[in-house]
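Asker: Got a structure here, written out as structure tokens. Questions coming.
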Amino acid sequence: MPEGPFLLFLKNKLQRYKGKTVSEVSGDAAIDHTLFNKVNLIDIQTFGTHFLFLFKEFFVAIEVNSVGNVLVNKRKKINAGFSFHFEENEINFYNSEPTVYQGKPTDYFNFKTDISKPEFDAEFVLNELQTRHAEESIGDALLNQNILAGVGPIIRTETLYHAKIHPDSLIKAIPEKKLIFLLKVTVDYAEEILTLLKTDSVEKNALIFEKKICPKDKSAIIIEETGNSKTYVCPKCQKLFK
Ligand SMILES: [Zn+2]
């Protein structure tokens, strides 16, 4: 599972294709290829772990499970699942399914939940957490893209460590002040990642993600498997609210 800011970073590099004409698309995806006959690509956006390619009356959403599955003017040995072709360039997507939507992204995606968007609404998310997800663990909720779009394993590990909350804590047991702080840290860290990506130093600067020892108290970091991704925990620093 990728982190939203990684997609945003890649999106910024794709901006040069904005305003260009798509000559055709290719791939096995079950979408109507005739829609893309010489259409103008109006904008490229992201939502959480989706790339959004905007055309006049519709847009294409492509959920990406790893940024390594998006290649510009390069190909893997296997066939791309979906490709945009421009006059002299191409963007190839591997293991990613495109979906065509009529209308605009905000008709389908709630921008208030995207940690990297100016529309992010911490109060809205806090309310969602405390009402509809109160009985869940914060570790699960953070990776739920319907609650917080763009949080991946690194952001989850680092922000819970920073907020001193154990991932198994029940949301209803976590003091509101702590949840508010956690959301603030999440947005700040997502922004920091964008800067760190410029020097490819996200992992290097992580405090406990894929690390063995807590930098604060030298405790051994514990790896927990939650869902299908790992989270790293300092048992001393992070409090379990139950
Ligand atoms: Zn610690």
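Where a number appears in this text, it was derived from the coordinates with a stated rule and is not lab data. What you see is a predicted model, and the numbers here were worked out from it, not measured in a lab. Neighbour counts are summed over all protein chains in view; Cβ atoms, including those assigned to glycine, are modelled from backbone coordinates with ideal geometry.
Asker: Tell me the relative contact order for the range 4-64 as a rounded percent, counting alpha carbon contacts under 8 Å between residues six or more apart. Write out the running numbers ahead of the final one.
Answerer: Working: 90 pairs, mean separation 18.0, N = 61.
Relative contact order for the range 4-64 comes out at 29 percent.
Asker: Along the charge dipole of the range 105-242, pointing to its positive end and built from +1/-1 on Cβ of Lys, Arg, Asp and Glu, which listed residue (213, 106, 173) has its Cα farthest out?
Answerer: It is 213, whose Cα lies furthest towards the positive end.
Asker: With θ taken as phi - 60° and the coefficients 6.51, -1.76 and 1.60, list the Karplus ³J(HN,Hα) couplings across the range 207-224 in order, rounded to whole Hz; mark glycine and proline as x.
Answerer: For the range 207-224, the Karplus curve yields 7, 10, 4, 6, 9, 9, 10, 5, x, 8, 10, 6, 5, 6, 6, 9, 9, 10 Hz.
Asker: With Cβ to Cβ distances under 10 Å as the rule, what net charge do the other residues near residue 237 carry (K, R +1; D, E -1)?
Answerer: Taking every other residue near residue 237 into account, the sum is +3.
Asker: What value does the chain have for Rg/Rh, both radii from Cα atoms and Rh as Kirkwood defines it? Can you show the working numbers first?
Answerer: Values: Rg = 19.4 Å, Rh = 19.1 Å.
For the chain, the value is 1.01.
Asker: So what is the relative contact order of the chain, in percent, for Cα pairs below 8 Å that sit 6 or more residues apart?
Answerer: This gives 18 percent for the chain.
Asker: What ranking do 69-82, 112-125 get when scored by the average of other Cβ atoms within 10 Å per residue, highest first?
Answerer: My ranking of the peptides, most packed first, is 112-125, 69-82.
Asker: Around residue 39, which amide H atoms from residues at least 5 apart in sequence, or from another chain, sit under 5 Å from its own amide H, with H modelled in the peptide plane?
Answerer: For residue 39, the qualifying residues are 22.
Asker: Shape call for the range 110-194 from the C-alpha gyration tensor, a ≥ b ≥ c root eigenvalues: rounded (a/c under 1.5), prolate (a/b greater than b/c) or oblate?
Answerer: Taking the square roots of the gyration eigenvalues as a ≥ b ≥ c, the range 110-194 is oblate.
Asker: Beta carbons within 10 angstrom, averaged per residue: use that to sort the peptides 191-197, 5-11, 129-135, 211-217, highest first. Don't skip to the answer; put the middle values down first.
Answerer: Details: 191-197: 17.0, 5-11: 20.7, 129-135: 14.6, 211-217: 13.0.
Ranking the peptides 191-197, 5-11, 129-135, 211-217 by packing returns 5-11, 191-197, 129-135, 211-217.
Asker: So, one more: What does the helix-only formula give at 222 nm for the chain: each DSSP H stretch with n ≥ 4 adding -39500 (n - 2.57), the total divided by the residues, and the result rounded to the nearest 500 deg cm²/dmol?
Answerer: Values: 6 runs with 63 residues, N = 242.
Result for the chain: -8000 deg cm²/dmol, rounded to the nearest 500.
Asker: Between beta-carbons, use under 10 Å as the cut-off and find the net charge around residue 154, counting Lys and Arg +1, Asp and Glu -1.
Answerer: -3
Asker: Measure off 7 Å from each Cα along the Cα-to-Cβ vector at residue 87 and residue 37, then give the distance between these two points in nanometres to one decimal.
Answerer: Once both label points are built, they end up 2.1 nm from each other.
Asker: Here is a further query. Under 15 Å from the Cβ of residue 97, count the other residues' Cβ atoms, weight Lys and Arg +1, Asp and Glu -1, and hand me the total.
Answerer: -3
Asker: For the range 4-107, just say rounded, prolate or oblate: build the C-alpha gyration tensor, square-root its eigenvalues into a ≥ b ≥ c, call rounded for a/c under 1.5, and beyond that prolate if a/b exceeds b/c, oblate if not.
Answerer: Rounded is the answer for the range 4-107, as its axis ratio a/c remains below 1.5.
Asker: Report the charge-dipole magnitude of the range 111-233 in Debye, nearest 20, computed about the Cα centre from +1 at each Lys and Arg Cβ and -1 at each Asp and Glu Cβ.
Answerer: Its charge dipole is roughly 400 debye.
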